[in-house]
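Asker: Here you go, one structure.
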Amino acid sequence: QLHHRLVLTFLICFYSLITNRHWRQQARKEVETRLLREQHFACSAMLKTFYDVVTELDSNLKILSSGRELSCFLNVRLGHSLEGTEFQELLPLEDECLRFLYTMRRPLKQ
């Protein structure tokens with residue numbers, strides 16, 4: 001019976017250790033997520049103080065946010081959002097479009 005109690009005690013301690021580790025990892029992820037959101041909000045707010053329109057693009061260079069503001073600013077498709085539109089479609093000159101695509105697809109320097 002002592003053997004069973006030792007095994008049970010060990011299993012309880014092991015479960016407690018694993019659960020504690022999982023909770024810490026989850027808490028760390030939540031804190032990191034919150035910090036990234038706050039940093040993103042702060043950067044967006046700062047950019048909006050300097051620029052008329054700030055928009056975000058996805059990895060395919062499609063407009064993710066501020067599509068309606070960008071539409072009004074550019075006087076295109078008034079009243080409609082440009083979200084989902086490929087940004088290069090809004091550039092009037094082909095050389096501007098090519099320069100934009102080249103710049104956006106170039107690897108970042110670290």
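Asker: Those residues that are surrounded by 10 or more Cβ atoms within 10 Å (Cβ to Cβ) and basic (Lys, Arg), I need them from the stretch 2-26; list them, please.
Answerer: Of everything in the stretch 2-26, those that are surrounded by 10 or more Cβ atoms within 10 Å (Cβ to Cβ) and basic (Lys, Arg) turn out to be Arg21, Arg24.
Asker: Test Glu94 against the stated conditions and say whether it is in contact with a strand residue (DSSP E or B) (Cβ under 6 Å, 6 or more places away or on another chain), among the acidic types (Asp, Glu) and either modelled with pLDDT of 90 or more or open to solvent by less than 100 Å² (accessible area, probe 1.4 Å) (or both).
Answerer: No, not satisfied.
Asker: Filter the stretch 27-53 down to the residues that are open to solvent by less than 80 Å² (accessible area, probe 1.4 Å) and part of a helix (DSSP H, G or I), then identify the one that is farthest from Ser71 (Cα to Cα).
Answerer: Looking at the filtered set, the residue picked out is Ala27.
Asker: Ok, one more. Considering only residues that are under 21 Å from Cys43 (Cα atoms) and either part of a loop (DSSP other than H, G, I, E, B) or touching a helix residue (DSSP H, G or I) at 6+ places or on another chain (Cβ under 9 Å) (or both), which ones fall in the stretch 56-86?
Answerer: Within the stretch 56-86, Glu56, Leu57, Asp58, Ser59, Leu61, Lys62, Ile63, Leu64, Ser65, Ser66, Leu70, Glu83 qualify.
Asker: Among residues belonging to the stretch 76-90 that are out of contact with any Ser or Thr (no Cβ under 9 Å at 6 or more places or on another chain) and charged (D, E, K, R), point out the one that is nearest to Ser65 (Cα to Cα).
Answerer: Per the criteria, the residue is Glu86.
Asker: Still on this model: Looking only at the stretch 54-70, which residues are open to solvent by less than 80 Å² (accessible area, probe 1.4 Å) and of a type in the set (A, V, I, L, M)?
Answerer: Our first condition is that a residue be open to solvent by less than 80 Å² (accessible area, probe 1.4 Å); within the stretch 54-70, this holds for 54-58, 61-63, 65-67, 70.
If the condition is that a residue be open to solvent by less than 80 Å² (accessible area, probe 1.4 Å) and of a type in the set (A, V, I, L, M), then Val54, Leu57, Leu61, Ile63, Leu70 are the ones that fit.
Asker: Can I ask one more? Within 30 Å of the chain's Cα centre (by Cα) and aliphatic (A, V, I, L, M), is that true of Val7?
Answerer: Details: within 30 Å of the chain's Cα centre (by Cα): no; aliphatic (A, V, I, L, M): yes.
No: the conditions fail for Val7.
The values are calculated or read from the model by the stated rules, or taken from the named source; none is laboratory data. A quick note: this is a predicted structure, and the numbers were derived from the prediction, not measured. Positions of Cβ are backbone-derived with ideal geometry, glycine not excepted, and every protein chain shown enters the neighbour counts. SASA here: full protein model, heavy atoms, side chains in, ligands and nucleic acids out. Shrake-Rupley method; radii C 1.70, N 1.55, O 1.52, S 1.80 Å.
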